[in-house]
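A.B. asks: Below is one structure. I have some questions about it.
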């Protein structure tokens with residue numbers, strides 16, 4: 001069972017130049033003081049520092065006050081310093097471990113630190129880990145909300161969907177931390193399994209479709225004597241086929257090019273003949289405006305034009321020479337390709353003739369075809385076997401996780417826990433001078449709705465029953481309990497001492513309890529802290545000492561935050 | 001107006017000196033024009049600062065040493081001969097005089113009438129020369145064939161460098177003088193046999209153009225090697241320009257008419273060479289770029305297909321019938337090349353340029369686009385200097 005304890009608190013207001021520090025007993029601490037002396041402020045500071053902002057206003061509370069809280073988790077001491085939304089986490093030696101200007105980041109870090117792994121759902125139906133508010137929810141009775149019929153201990157709890165049920169089940173052990181751990185392992189494996197199943201489905205589909213296309217009714221038995229020959233011939237004929245295909249493509253391209261070469265040569269020669277007659281005309285006939293005798297186009301007679309015309313002809317003439325050369329080369333290549341293709345064709349028909357040869361009723365190529373289909377099926381099967389080998393252990397792991405989760409959420413377990421709760425509730429009611437009630441149908445979340453003088457007592461009895469249950473063999477956390485002032489409206493003077501006595505005597509021995517009351521009591525508390533000055537929780541005379549003590553914490557925190565890109569307050573006040 | 005040039009125009013009008021042109025066949029004209037081009041380049045190479053060739057004006061060809069203020073005229077009979085050599089008789093229409101030493105032994109030959117010389121090639125040359133008094137004049141008989149005349153010094157005209165008629169043995173020169181005296185006008189300039197030369201040239205009658213191309217190629221190779229490969233087009237174009245000069249036209253009666261109907265000057269030749277400088281040798285560069293692309297990865301078939309496409313483009317050009325696509329693709333090439341540079345490796349720019357074209361002309365053949373791109377890239381990117 002994990003153990004969380006409040007150890008000390010330091011409060012400091014630089015603007016007021018006042019400060020105060022108090023430490024708490026690991027067992028029972030009493031805070032005594034009249035209204036407005038600062039009991040609630042101190043308690044609220046405790047939770048605010050850790051990231052849980054209680055409901056209710058703080059009277060005349062310095063908004064820029066700095067708070068330092070010392071707490072321990074399983075005996076290991078930590079400090080948290082907080083100002084506004086800035087928080088710094090320190091180890092016992094005062095070394096900064098983490099700093100944050102953001103409520104979400106802090107909430108995550110705090111849950112990690114205390115080992116709080118409750119998974120809740122937010123309003124967008126996303127899974128999120130609970131933070132300090134849900135961590136302290138069942139263990140803090142806030143004078144500004146908790147004494148009523150609903151759970152309004154902390155501000156902004158509505159960001160989660162129905163967090164209370166899950167929180168209570170978590171701490172009482174109905175769904176303990178191990179449940180959430182196992183459940184997350186199960187989710188990971190289920191995701192993995194779903195992917196593998198998908199793959200398996202695809203392969204099975206392909207196999208089925210393939211089976212419909214390729215009939216497996218060919219010869220199934222392969223005569224050993226043909227085995228090797230068939231394999232070799234099949235390989236050879238496949239390779240030949242590929243080669244033939246490539247060569248045919250090449251041949252077609254080569255033939256096309258060769259043909260276009262010849263065609264272009266012919267066309268060019270015609271064009272040149274046309275030019276030649278044109279040029280002869282130009283060289284002999286007088287021409288003011290040149291009219292081509294063939295095409296009747298008018299040629300401007302400037303030398304430049306004649307020269308360009310002659311140049312075009314010269315280029316064409318040379319291109320024709322090169323094309324003829326290309327054509328020779330192309331025809332050579334073409335002939336060679338044809339010879340190669342003939343050789344390939346010969347080999348191909350020789351081999352397919354062998355494959356076609358019948359041996360009794362068994363045609364070799366049938367065997368080859370059947371073999372192809374069979375080997376494809378074999379490949380699919382192998383793939384499926386491989387997938388199966390991955391799927392099986394996952395299924396087993398998920399089953400075992402499901403079984404363990406089932407144990408954790410078994411009816412018997414729930415019944416045992418409920419029984420502890422109901423018994424504790426009945427006992428508490430009795431100790432608190434309350435008439436017995438029918439607890440048989442009571443659920444963990446059956447928060448009482450009594451009004452009048454019995455109201456606060458029944459609420460206390462309900463909380464006490466939760467606390468008892470959380471410390472049973474099924475619980476996981478030993479948490480401190482903070483009760484702010486049982487002296488609620490309607491509470492008669494007679495029963496107030498009963499409640500205080502109940503708190504001092506009847507709560508479990510090893511539970512840390514911090515109780516705030518208005519008047520002194522004769523009941524036994526391990527430590528009593530007095531608050532005597534209205535509106536002056538903080539004291540001027542303690543300022544310099546506490547300032548010196550807190551300063552290294554504050555400095556380290558801001559040093560770390562300022563080093564970041566955005567040290568601003570970007571999260572909601574928590 | 002130059003009196004010297006007027007003298008030439010006057011000579012044109014004189015049926016005795018002007019060349020009728022009717023006596024030439026096609027080959028003869030080709031021979032003349034090619035000889036003229038060879039002569040032009042030789043004059044240019046020898047550093048002449050001006051000239052004006054006149055075709056079919058005064059004899060076959062006449063060359064003035066200036067197109068504006070000439071001081072000298074050279075008159076040429078340019079005759080091809082398919083078989084054998086020129087003989088005394090074919091040059092002069094005169095009988096061959098016996099050498100004085102052999103006179104006693106030989107039987108008396110029948111002498112041709114002396115005035116027959118007027119219709120002979122040399123007779124015509126002398127008649128033309130006779131009409132120039134202001135201009136310093138000289139004449140030449142040019143042919144691919146030599147003359148079987150023995151020189152006074154013992155050599156032979158058939159194998160020698162140009163020789164003056166005055167170098168012939170005296171019994172020939174005496175006879176010629178006597179004959180010419182009977183036909184030339186009394187007002188003519190003084191007859192000087194030393195001013196008329198006989199010259200055999202190497203230009204082959206059957207393929208005069210190829211010979212000329214060789215000469216022009218040699219010249220271009222020396223002064224403008226990037227365009228040497230274009231010698232053929234240049235010569236063909238030059239022949240197209242020279243061809244009509246003097247042919248089948250009415251004789252000029254003014255200096256300007258003479259220049260435009262018969263003349264070709266050094267200035268015109270230089271302008272033509274200037275034109276050539278502006279046209280890159282696409283054939284040479286295309287070949288080179290395709291070789292370069294082959295080195296960078298194009299295979300034989302691809303290169304060949306590009307050549308096929310280029311051939312098609314030029315065939316269409318020669319037919320004067322480019323496709324609408326040819327024009328559009330060319331414009332697109334120009335635009336693309338305007339903003340993209342060609343680096344040391346051709347392939348990257350070739351690939352991206354062609355990819356650009358393929359996106360614009362999806363239905364065109366790849367090789368067609370490649371050919372267009374290369375031709376345009378050469379036109380735009382080759383340094384003509």
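Every number here is computed from the coordinates shown, using simple stated rules; none is lab data. In this text the structure is predicted, and so the values were computed from the model without any measurement. Ideal geometry is used to build each Cβ from the backbone, glycine not excepted, and the neighbour counts take in all protein chains shown.
A.B. asks: Run the numbers on chain B and let me know its relative contact order in percent, using alpha-carbon pairs under 8 Å that are six or more apart. Provide the component values of the computation, followed by the final result.
C.D. replies: Values: 542 pairs, mean separation 64.1, N = 385.
In percent, rounded to a whole number, it is 17.
A.B. asks: How high is the relative contact order of the range A:63-154? Use alpha-carbon pairs under 8 Å, at least six apart in sequence, and give a whole percent.
C.D. replies: After rounding, I find 14 percent.
A.B. asks: With n ≥ 4 as the cut-off for DSSP H runs, can you work out [θ] at 222 nm for chain B, using -39500 (n - 2.57) per run divided by the number of residues, rounded to the nearest 500?
C.D. replies: That comes out to -15500 deg cm²/dmol.
A.B. asks: State the extension gain, in nm to one decimal, for the chain segment bounded by residue A:269 and residue A:328, taking 0.36 nm per residue of separation less the distance between their alpha-carbons. Please report the intermediate quantities before stating the final value.
C.D. replies: Working: separation 59, 0.36 × 59 = 21.24 nm, distance 1.70 nm.
Residue separation times 0.36 nm, minus the Cα-Cα distance, leaves 19.5 nm.
A.B. asks: Taking a virtual spin label 7 Å from the Cα of residue A:473 along the C-beta vector, which residues in the range A:401-415 bring their backbone nitrogen under 18 Å of it?
C.D. replies: A:407-415
A.B. asks: Between the range B:338-364 and the range A:1-63, what is the C-alpha centre distance in whole Å?
C.D. replies: Spelled out, the Cα-based centre of one part sits 78 Å from the other.
A.B. asks: In whole Å and largest first, what semi-axes does the C-alpha gyration tensor of the range B:288-354 yield when each eigenvalue is scaled by 5 and square-rooted? Before the final figure, lay out each step's value.
C.D. replies: Details: eigenvalues 103, 63, 13 Å².
After scaling each eigenvalue by five and taking roots: 23, 18, 8 Å.
A.B. asks: Also, quick follow-up: Sort A:99-109, A:180-190, A:305-315 for me by packing, meaning the mean count of neighbouring Cβ atoms within 10 Å per residue, highest on top. The partial results should precede the final answer.
C.D. replies: Working: A:99-109: 20.5, A:180-190: 15.8, A:305-315: 22.4.
Averaged packing, sorted descending, gives the order A:305-315, A:99-109, A:180-190.
A.B. asks: Okay, moving on. Compute the distance from the alpha-carbon center of the range A:135-149 to that of the range B:109-170, in whole Å.
C.D. replies: Answer, in whole Å: 143.
A.B. asks: Given R₀ = 35 Å, FRET efficiency for residue B:134-residue B:270 by Cβ-Cβ distance, to 0.05?
C.D. replies: Details: r = 27 Å, r/R0 = 0.78.
Taking R0 as 35 Å, the efficiency between residue B:134 and residue B:270 is 0.80.
A.B. asks: Put one equal scatterer on each alpha carbon of the range A:90-138, apply the Debye formula with no solvent term, and list log10 I(q)/I(0) at q = 0.19, 0.23, 0.30, 0.33 1/Å to two decimals.
C.D. replies: Log-scaled intensity ratios, in q order: -0.68, -0.90, -1.17, -1.23.
A.B. asks: Also, I was wondering about something else. I'd like to compare B:128-141, A:458-471, A:230-243: which one has the highest average count of other Cβ atoms within 10 Å, and what's the full order after that? Intermediate values should be presented prior to the final figure.
C.D. replies: Values: B:128-141: 20.9, A:458-471: 23.4, A:230-243: 14.1.
Highest-to-lowest ranking by the protection proxy: A:458-471, B:128-141, A:230-243.
A.B. asks: If one computes the Cα centroid of the range B:36-105 and of the range A:405-478, what distance in Å separates the two points?
C.D. replies: Their Cα centres are 142 Å away from one another.
A.B. asks: Here is a follow-up. From the gyration tensor of the Cα coordinates in chain B, what semi-axes in whole Å does the equivalent ellipsoid have, largest first, with each one equal to sqrt(5λ)? Intermediate values should be presented prior to the final figure.
C.D. replies: Working: eigenvalues 630, 99, 56 Å².
Gyration-tensor ellipsoid for chain B: 56, 22, 17 Å.
A.B. asks: Once R0 is set to 25 Å, what does the formula 1/(1 + (r/R0)^6) return for the Cβ-Cβ distance between residue B:45 and residue A:302, expressed as a FRET efficiency to the nearest 0.05? Could you put the intermediate results ahead of the total?
C.D. replies: Values: r = 26 Å, r/R0 = 1.04.
Computed FRET efficiency for residue B:45 and residue A:302 comes out at 0.45.
A.B. asks: Averaged across B:314-325, how many Cβ atoms of other chains sit within 10 Å of each residue's Cβ atom?
C.D. replies: Numbers: counts 14, 15, 3, 8, 14, 8, 11, 3, 0, 0, 0, 0.
Going residue by residue through B:314-325 and averaging, the value is 6.
A.B. asks: If you build the convex hull over the alpha carbons only and average its shadow over all orientations, what do you get for the range A:14-61? Give it in nm² to one decimal.
C.D. replies: In nm², the orientation-averaged hull projection of the range A:14-61 is 4.3.
A.B. asks: What relative contact order, as a whole-number percentage, does chain A give when Cα pairs under 8 Å and 6 or more residues apart are counted?
C.D. replies: Values: 804 pairs, mean separation 178.0, N = 574.
Relative contact order here is 31 percent.
A.B. asks: Additional query: Obtain the nm distance between the two label points defined at residue A:238 and residue A:532 by a simple spin-label model: each point lies 7 Å from its Cα along the Cα-to-C-beta direction.
C.D. replies: According to this spin-label approximation, the distance is 10.0 nm.
A.B. asks: Percent of alpha carbon pairs in the range B:144-248 separated by more than 21 Å? Present the calculation step by step, with values, prior to reporting the outcome.
C.D. replies: Details: 3223 of 5460 pairs.
Beyond 21 Å sits 59 percent of the P(r) for the range B:144-248.
A.B. asks: Run the simple label-point estimate for residue B:68 and residue B:182 please: 7 Å along Cα→C-beta, distance reported in nm.
C.D. replies: So the label points at residue B:68 and residue B:182 sit 4.8 nm apart.
A.B. asks: While we're on this one: Let me know the shape class of the range B:199-327, please: from the alpha-carbon gyration tensor, a ≥ b ≥ c as square roots of the eigenvalues, rounded when a/c is under 1.5, otherwise prolate if a/b is greater than b/c, or oblate.
C.D. replies: In terms of gyration-tensor shape, prolate.
A.B. asks: Please work out the Kirkwood hydrodynamic radius for the range A:1-93, using every pair of different C-alpha atoms, and report it in angstroms with one decimal place. Walk me through the numbers before you get to the answer.
C.D. replies: Values: mean 1/r = 0.0716 Å⁻¹.
The answer is 14.0 Å.
A.B. asks: Also, quick follow-up: What average count of beta carbons from other chains do you get within 10 Å of the Cβ of residues in A:261-271? Spell out each step's value before the answer.
C.D. replies: Numbers: counts 5, 1, 3, 9, 3, 1, 6, 6, 1, 3, 10.
Whole-number average of other-chain Cβ neighbours for A:261-271 is 4.
A.B. asks: For peptide A:316-329, how many partner chain Cβ atoms fall within 10 Å of a residue's Cβ, on average?
C.D. replies: 5
A.B. asks: Decide, for the range A:455-563, between rounded, prolate and oblate: order the square roots of the alpha carbon gyration tensor eigenvalues as a ≥ b ≥ c, take rounded if a/c falls under 1.5, and otherwise choose prolate if a/b is larger than b/c, else oblate.
C.D. replies: On the way: a/c = 2.64, a/b = 1.51, b/c = 1.76.
Verdict is oblate for the range A:455-563.
A.B. asks: With the Cα gyration tensor of the protein assembly as shown giving a ≥ b ≥ c as the square roots of its eigenvalues, does the rule (a/c under 1.5 for rounded; else a/b larger than b/c for prolate; else oblate) give rounded, prolate or oblate?
C.D. replies: Details: a/c = 6.37, a/b = 2.88, b/c = 2.22.
Here the protein assembly as shown falls in the prolate category.
A.B. asks: Rg to Rh ratio, chain A, alpha-carbon atoms and Kirkwood radius?
C.D. replies: Details: Rg = 46.2 Å, Rh = 32.8 Å.
Taking Rh as the inverse mean 1/r over Cα pairs, Rg/Rh reads 1.41.
A.B. asks: Return the FRET efficiency for the residue pair residue A:253, residue B:347: r is the Cβ-Cβ distance, R0 is 25 Å, and the value is rounded to the nearest 0.05.
C.D. replies: Values: r = 21 Å, r/R0 = 0.85.
Calculated transfer efficiency: 0.75.
A.B. asks: Counting helices only, and only those DSSP H runs with n ≥ 4, report the 222 nm mean residue ellipticity of chain A as the sum of -39,500 (n - 2.57) divided by its residues, in deg cm²/dmol to the nearest 500.
C.D. replies: Values: 12 runs with 305 residues, N = 574.
Counting only the DSSP helices, I get -19000 deg cm²/dmol.
A.B. asks: Then there's this: What does DSSP give for chain B in terms of the percent of beta bridges that are antiparallel, rounded to the nearest 5?
C.D. replies: Given both bridge residues lie in chain B, the antiparallel proportion sits at roughly 50 percent.
A.B. asks: Cut-off 12 Å, label point 7 angstrom out along Cα-to-Cβ of residue A:387: give me the residues of the range A:177-199 whose amide nitrogen falls inside.
C.D. replies: A:194-199
A.B. asks: Rank by packing, highest mean first: peptides A:150-156, B:240-246, with packing defined as the count of other Cβ atoms within 10 Å averaged across residues. Please report the intermediate quantities before stating the final value.
C.D. replies: Working: A:150-156: 17.3, B:240-246: 22.7.
Sorting A:150-156, B:240-246 by mean packing, highest first, produces B:240-246, A:150-156.
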